[in-house]
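Notes follow once the structure below has been shown.
The values are calculated or read from the model by the stated rules, or taken from the named source; none is laboratory data. Note that the coordinates shown come from a computational prediction; the quantities given were computed from them, not determined experimentally. Because the Cβ atoms are built from the backbone with ideal geometry, glycine has one as well, and the counts that use them run over all protein chains shown.
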Amino acid sequence: AQKVTQVQTEISVVEKEDVTLDCVYETRDTTYYLFWYKQPPSGELVFLIRRNSFDEQNEISGRYSWNFQKSTSSFNFTITASQVVDSAVYFCALSEAANAGGTSYGKLTFGQGTILTVHP
Amino acid sequence: DAGVIQSPRHEVTEMGQEVTLRCKPISGHDYLFWYRQTMMRGLELLIYFNNNVPIDDSGMPEDRFSAKMPNASFSTLKIQPSEPRDSAVYFCASSLGGYRGNQPQHFGDGTRLSIL
């Protein structure tokens, strides 16, 4: 069975600090997909990024960057120069590829979330 | 483009009452998911549909819960009778294709349900 563990339950930083949220996953599949979602205080879930298991290139989007390391089963998320608006709960999630030949969907398994608070 | 639309945003009702949550997926998306979020259990997948057909309802907690998708643009999650432990935030999400699990799910704003 697949499992996602977000190492930090809560992180508190001061504005402009860099912060890394760690995500470790378990899966028996060789093909799978990893996601990060953001849940701001308003409650909605916002999709941030998707990564394929066969693509270990790191990705940068503005102040956000993601480090995927298959060897350690980790998919970590770094915010550079954090801002108060980054305060939110961040979720890492895993989806395994569907069963071959069927319509079964790879279920999305979420980690428990990391609460990030950025203080001014 | 309109995102996933859920209604109501908030629902407060008394134990024993029937509750119906509604969801309109993003137009053209062929997968629809219902999740429940609680402090204790986090985000749990309840059920999902593909082309309006329920594929996996193993996450539905009890027979009191039921979900339907009569057409591609509408789904309901019903709880009858409701109990205080059903209090949670219920999310609906949709995605395009992605039967291999590689497409992101786009979430609605959620329905915050309180059963007194």
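From B:42, B:59, grab the single residue that is modelled with pLDDT under 95, surrounded by fewer than 21 Cβ atoms within 10 Å (Cβ to Cβ) and out of contact with any Phe, Trp or Tyr (no Cβ under 7 Å at 6 or more places or on another chain).
The match here is B:59.
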- prompt: Of all residues in segment B:52-69, which are in contact (Cβ under 8 Å) with a residue 12 or more places away in the chain, within 13 Å of the chain's Cα centre (by Cα) and farther than 17 Å from residue B:19 by Cβ?
  reply: B:54, B:59, B:69
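Does residue A:74 fit the bill of being among the polar types (S, T, N, Q), more than 9 Å from chain B (Cβ to nearest Cβ), in contact (Cβ under 8 Å) with a residue 40 or more places away in the chain and touching a strand residue (DSSP E or B) at 6+ places or on another chain (Cβ under 7 Å)? It would help to see each step written out before you state the result.
Numbers: among the polar types (S, T, N, Q): yes; more than 9 Å from chain B (Cβ to nearest Cβ): yes; in contact (Cβ under 8 Å) with a residue 40 or more places away in the chain: yes; touching a strand residue (DSSP E or B) at 6+ places or on another chain (Cβ under 7 Å): yes.
Taking the combined requirement at face value, the residue satisfies it.
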task: Keeping to segment A:94-120, report how many residues are modelled with pLDDT under 95, of a type outside the set (Asp, Glu) and assigned to a strand (DSSP E or B).
output: 5
field: strands (runs of 3 or more DSSP E) enclosed by segment B:42-109 - at least 1 residues per element that are touching a Ser or Thr at 6+ places or on another chain (Cβ under 7 Å) and basic (Lys, Arg)
entry: B:65-71, B:74-79
field: Number of positions in segment A:4-28 that are exposed (fewer than 12 other Cβ atoms within 10 Å of the Cβ) and either free of Cβ contacts under 8 Å to residues at least 60 places away in the same chain or more than 23 Å from residue A:81 (Cβ to Cβ) (or both)
entry: 2
- prompt: Looking at residue A:31, is it polar (S, T, N, Q), in contact with a Leu (Cβ under 8 Å, 6 or more places away or on another chain) and surrounded by 15 or more Cβ atoms within 10 Å (Cβ to Cβ)?
  reply: no
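Working only within segment B:1-24, note down all residues that are among the charged types (D, E, K, R) and at pLDDT 95 or above.
Pass one, segment B:1-24, residues among the charged types (D, E, K, R): B:1, B:9, B:11, B:14, B:18, B:22, B:24.
Result: B:9, B:11, B:14, B:18, B:22, B:24.
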message: Filter segment B:62-116 down to the residues that are acidic (Asp, Glu) and surrounded by fewer than 20 Cβ atoms within 10 Å (Cβ to Cβ) and list them by number.
response: B:62, B:63, B:83, B:109
